[in-house]
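Visitor: For reference, the structure I am asking about is given below.
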Amino acid sequence: MTERESDISIPQSTDQWKIIGIGLAGSYTFGESSPPDFVIGIFVSIAVLFKLFAIDMALQYKEVWRWERYLFGEWVYIVLSLVARSALAWQVFAGALNTPV
């Protein structure tokens, strides 16, 4: 194992997700009303997809399996970006259609 490989780890930037999660949980527990269900779906799906960006980055830096080729890692970034943005757009669109006026 080289020095470069031993220093790489998946970033642990979960503080912002914890804060948002605490806010959502608090609104269910202590609030008079709760956010729409599609907001919880958006929170979970975007948190998972953003973690996949970090995993892709770590695999790319460690040069594991297909990530030995730099362009494969970049291709995965592009696909993840497209999926994350499309998922967000569709969830907001579907939630806006189902929310009572």
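The values are calculated or read from the model by the stated rules, or taken from the named source; none is laboratory data. Please read all numbers here as calculations on a predicted model, not as lab measurements. For neighbour counting, all protein chains shown are included, and Cβ atoms are generated from backbone atoms with ideal geometry for every residue, glycine included.
Visitor: Consider residue 16 carefully, then state whether it is part of a helix (DSSP H, G or I) and touching a residue at least 12 places away in the same chain (Cβ under 8 Å). Walk me through how you get there before you give the answer.
Guide: Details: part of a helix (DSSP H, G or I): yes; touching a residue at least 12 places away in the same chain (Cβ under 8 Å): no.
Taking the combined requirement at face value, the residue does not satisfy it.
Visitor: Let me ask something additional. Look through 72, 53 and report the one residue that is modelled with pLDDT of 95 or more and of a type outside the set (Ser, Thr, Tyr). Spell out the reasoning first.
Guide: On the way: 53 fails: modelled with pLDDT of 95 or more.
Sole residue among the options that is modelled with pLDDT of 95 or more and of a type outside the set (Ser, Thr, Tyr): 72.
Visitor: Could you please give the count of residues in segment 80-101 that are closer than 11 Å to residue 49 by Cα and surrounded by 12 or more Cβ atoms within 10 Å (Cβ to Cβ)?
Guide: Filtering segment 80-101 for residues closer than 11 Å to residue 49 by Cα gives 80-85, 87-88.
The next check asks that each one be surrounded by 12 or more Cβ atoms within 10 Å (Cβ to Cβ); those that pass are 80-81, 83-85, 87-88.
Going through segment 80-101 one residue at a time, the tally reaches 7.
Visitor: Could you count how many residues in segment 57-101 are among the charged types (D, E, K, R) and either under 20 Å from residue 40 (Cα atoms) or outside any helix (DSSP H, G or I) (or both)? Walk me through how you get there before you give the answer.
Guide: To start, the set of residues in segment 57-101 that are among the charged types (D, E, K, R) comprises 62-63, 66, 68-69, 74, 85.
Narrowing the set further to residues that are either under 20 Å from residue 40 (Cα atoms) or outside any helix (DSSP H, G or I) (or both) leaves 63, 69, 85.
Residues meeting the conditions: 3.
Visitor: Same structure, new question: If a residue must be under 10 Å from the mean Cα position of the chain (by Cα) and of a type in the set (A, V, I, L, M), how many such residues does segment 22-55 contain? If you could, list the steps in order and put the result at the bottom.
Guide: Filtering segment 22-55 down to residues under 10 Å from the mean Cα position of the chain (by Cα) leaves 42-54.
If we keep only those that are of a type in the set (A, V, I, L, M) as well, we get 42, 44, 46-49, 52, 54.
Of the residues in segment 22-55, 8 are under 10 Å from the mean Cα position of the chain (by Cα) and of a type in the set (A, V, I, L, M).
Visitor: Scan segment 38-50 for residues that are free of Cβ contacts under 8 Å to residues at least 12 places away in the same chain and more than 12 Å from residue 20 (Cβ to Cβ) and jot them down.
Guide: Going through segment 38-50, the residues free of Cβ contacts under 8 Å to residues at least 12 places away in the same chain turn out to be 44, 48.
Passing the criteria: only 48.
Visitor: Could you figure out which of (1) part of a helix (DSSP H, G or I); (2) of a type outside the set (D, E, K, R); (3) at pLDDT below 85 isn't true of residue 31?
Guide: Against the list (1) part of a helix (DSSP H, G or I); (2) of a type outside the set (D, E, K, R); (3) at pLDDT below 85, residue 31 comes up short only on (1).
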